[in-house]
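Here, each number is a calculation from the coordinates, and none is a lab measurement. Keep in mind that what you see is a predicted model, and the values were worked out from it rather than measured.
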Amino acid sequence: MSKEGDSYLKTFTILIVELVREFSRPLALTVRLTVNILVGHLM
């Protein structure tokens, strides 16, 4: 592969990783908050 191809692949991979990270963080926080509310309500 050429250096240009490697650059595009690296950029695309980083983009995918960053998108997953940006969307998974609010989802994880929402799940944690919901579980904490439910556990607090049940106690």
Nearest 500 deg cm²/dmol is fine: what mean residue ellipticity at 222 nm does the chain get from its DSSP H runs of n ≥ 4 alone, each adding -39,500 (n - 2.57), divided by its residue count?
-34500 deg cm²/dmol
Percent of C-alpha pairs per 5 Å bin, the chain, short to long:
5, 20, 13, 12, 11, 9, 9, 7, 6, 4, 3, 2, 0
